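The values are calculated or read from the model by the stated rules, or taken from the named source; none is laboratory data. What you see is a predicted model; the values in this text were computed from it and never measured. Glycine gets a Cβ as well: all are built from the backbone with ideal geometry, and neighbour counts include every protein chain shown. Just the protein is used for accessible areas: all its heavy atoms, side chains included, with ligands, DNA and RNA removed. Shrake-Rupley method; radii C 1.70, N 1.55, O 1.52, S 1.80 Å.
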Amino acid sequence: MWRGPKGDGIVTDAAVPTKWSATENVVWKVEVPGAGHSSPVVSNGHIFLTSFDSSTTDRMLLCFDRKDGKLLWKQSVLSATAEKMHKNNTPASSTPASDGTHVWVTFLDGEKVAVACYSFAGKQLWLKSFGGFTSAHGFCGTPVLFGDLLIVNGDSDGDAFVAALDKKTGETKWKIDRPNRVRSFSVPLFVEVRGKAQVVLAGSKSVAAFEPTTGKQLWIADSTTDKFVATVAFTEGLIFATGTSPNSTLVALDPTGTGNVTKSHTKWSDTKTASYVPSPLAFGKHLFVLSDSGIATLLEAKTGKKLWSERLGSRLHHASPLLINGLIYCLADDGATYILKPDEEYELVTKNTLGEECHATPAVSDGQLFIRSATSLWCIGAKGTAKHP
């Protein structure tokens, strides 16, 4: 899924390199047809990517061979005129999800959210649509898997919803309305609280948790931020949510409450340290926030105390940071990746440059990084080290 099997952006894989360039440690590089900001997902020897062909208005699912980047197939999921959207969005911004035998994608079809399932051979097995979607910023409802359920965030200014579908059949297992009806693009995150699973979602002027198999709301915290893009993070028993539209907020919530927990379970909040698009990283005792303008901040997760805050060399960041082998990887829009040490004092380990515009969060699998640029898909790794089918 987006940001890895747990959706938290944390990877332990000693073979992942810390140094690369447009020529060094490049296993392969291939051209990607169409345009999109979705991330690659790697599953069972395949790489899946969504893309939009402006000449045909096709919203495409692409499948590449993991070994050499060869395009195995591309399928048009649907054709529809590009929706009205934010200048930094695309009609192919939602990342696919896969379980090793099937792959699921979401696109916007006019005012309908379309959810489709494909086999690894490229055959469409089902397509389901939900109507009433309205958003001046376009669409990005990245699907996530929970057991046999596929969960989709349909937050919008119209008939806003969150739904769970049977991953095999597309049957709606539950669907809940989102009362505040405001566009949001946050990806649901699954966490375990007191031995029970919660799916936590920022959006609809709130941060809320639901029971994954029924959709029952467990708790909700109201927010002065209404348009969330960043996904929440979880460590030290706390949920962290950040957004900047219309108000900047970074908040730590205790997820053990029930009902409206805005006052009772807010542990700390910060109106000066926030990001809009890049999702925060939570690990061990630390919370890392990367602003869209490239300000990197490390905090104590339990207290919100700032350990350091530094501006990176790039002024634009849309990809979310990853924690790989205890180091923080921050990919900037200009294709530079800043690798930082999450110590008590700021330390830049290295900076790696590809020289191509990048908006998508990288994927990591078996010692290799997969980076989508505006035109290409890159496989970065020490040659000969990867073990994959």
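Within the stretch 288-310, can one find any residue that is open to solvent by 10 Å² or more (accessible area, probe 1.4 Å), within 27 Å of Gly141 (Cβ to Cβ) and of a type outside the set (Asp, Glu)?
Residues of the stretch 288-310 open to solvent by 10 Å² or more (accessible area, probe 1.4 Å): 291-293, 295, 300, 302-310.
This time we only want the ones that are within 27 Å of Gly141 (Cβ to Cβ), so: 291-293.
Filter once more, so that each one left must be of a type outside the set (Asp, Glu): 291, 293.
Yes, the conditions are met somewhere in the stretch 288-310.
Out of the residues in the stretch 183-195 meeting the condition of being over 19 Å from the mean Cα position of the chain (by Cα) and touching a residue at least 12 places away in the same chain (Cβ under 8 Å), tell me which one is least open to solvent (accessible area, probe 1.4 Å).
Among those that are over 19 Å from the mean Cα position of the chain (by Cα) and touching a residue at least 12 places away in the same chain (Cβ under 8 Å), it is Val193.
Conditions first: (1) among the acidic types (Asp, Glu); (2) over 20 Å from Ile10 (Cβ atoms); (3) over 20 Å from the mean Cα position of the chain (by Cα); (4) open to solvent by 40 Å² or more (accessible area, probe 1.4 Å). Glu357 passes all but one, so which condition is the exception?
(3)
Among all residue pairs at least 6 apart or on different chains, which show Cβ distances below 9 Å where the first residue, located in the stretch 112-126, is under 13 Å from Thr50 (Cα atoms) and modelled with pLDDT of 95 or more and the second is open to solvent by less than 20 Å² (accessible area, probe 1.4 Å) and of a type in the set (S, T, N, Q)?
Between residues of the stretch 112-126 that are under 13 Å from Thr50 (Cα atoms) and modelled with pLDDT of 95 or more and residues that are open to solvent by less than 20 Å² (accessible area, probe 1.4 Å) and of a type in the set (S, T, N, Q), the close pairs are Val115/Thr106; Ala116/Thr106.
Would you mention how many residues in the stretch 219-234 are open to solvent by 20 Å² or more (accessible area, probe 1.4 Å), under 20 Å from the mean Cα position of the chain (by Cα) and not charged (D, E, K, R)? Before you say what the answer is, go through the steps one by one.
Step one: list which residues in the stretch 219-234 are open to solvent by 20 Å² or more (accessible area, probe 1.4 Å), which gives 220, 222-224, 226-227, 229, 234.
Now narrow it down to the ones that are under 20 Å from the mean Cα position of the chain (by Cα): 226-227, 229, 234.
Restricting the remaining residues to those that are not charged (D, E, K, R) gives 229, 234.
Count: 2.
Inspect all residues belonging to the stretch 334-345 and state whether any of them is modelled with pLDDT of 95 or more, in contact with a Cys (Cβ under 6 Å, 6 or more places away or on another chain) and within 21 Å of Ser38 (Cα to Cα).
Scanning the stretch 334-345, I find at least one residue that is modelled with pLDDT of 95 or more, in contact with a Cys (Cβ under 6 Å, 6 or more places away or on another chain) and within 21 Å of Ser38 (Cα to Cα), so the answer is yes.
Test each condition in (1) of a type outside the set (Ser, Thr, Tyr); (2) closer than 23 Å to Gly36 by Cα; (3) open to solvent by 10 Å² or more (accessible area, probe 1.4 Å) for Leu150 and report the one that comes out false.
(3)
If you scan the stretch 181-228, which residues turn out to be part of a strand (DSSP E or B) and of a type in the set (Val, Ile, Thr)? Spell out the reasoning first.
In the first step, residues of the stretch 181-228 are kept if they are part of a strand (DSSP E or B); the result is 189-193, 196-203, 206-210, 217-222.
Val191, Val193, Val199, Val200, Val207, Ile220 - these are the residues of the stretch 181-228 that are part of a strand (DSSP E or B) and of a type in the set (Val, Ile, Thr).
Taking into account only those residues within the stretch 136-145 that are open to solvent by 20 Å² or more (accessible area, probe 1.4 Å) and in contact with a strand residue (DSSP E or B) (Cβ under 9 Å, 6 or more places away or on another chain), which is nearest to Lys87 (Cα to Cα)?
Of all residues in the stretch 136-145, those open to solvent by 20 Å² or more (accessible area, probe 1.4 Å) come to 136-137, 140, 145.
In the following step, the residues that additionally are in contact with a strand residue (DSSP E or B) (Cβ under 9 Å, 6 or more places away or on another chain) were identified as 140, 145.
Numbers: Cys140: 13, Leu145: 29 Å.
Among those residues, the one meeting the criterion is Cys140.
Just give me the residues in the stretch 198-210 being in contact with a Ser or Thr (Cβ under 8 Å, 6 or more places away or on another chain) and open to solvent by 10 Å² or more (accessible area, probe 1.4 Å), in sequence order. Spell out how you get there, then give the answer.
To start, the set of residues in the stretch 198-210 that are in contact with a Ser or Thr (Cβ under 8 Å, 6 or more places away or on another chain) comprises 201-207.
The one that is in contact with a Ser or Thr (Cβ under 8 Å, 6 or more places away or on another chain) and open to solvent by 10 Å² or more (accessible area, probe 1.4 Å): Lys205.
Given the criterion closer than 23 Å to Met85 by Cα and not hydroxyl-bearing (Ser, Thr, Tyr), identify the matching residue among Asp226, Asp222, Asp148.
Asp226
Residues are listed down the side, and each one gets a yes or a no for (1) open to solvent by 10 Å² or more (accessible area, probe 1.4 Å); (2) over 17 Å from the mean Cα position of the chain (by Cα); (3) modelled with pLDDT under 95:
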position	(1), (2), (3)
Pro212	no, yes, no
Asn247	yes, yes, yes
Thr256	yes, yes, no
Trp268	yes, yes, no
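State yes or no: is Ser279 closer than 22 Å to Phe370 by Cα, open to solvent by less than 30 Å² (accessible area, probe 1.4 Å), assigned to a loop (DSSP other than H, G, I, E, B) and at pLDDT below 95?
Values: closer than 22 Å to Phe370 by Cα: yes; open to solvent by less than 30 Å² (accessible area, probe 1.4 Å): yes; assigned to a loop (DSSP other than H, G, I, E, B): yes; at pLDDT below 95: no.
No.
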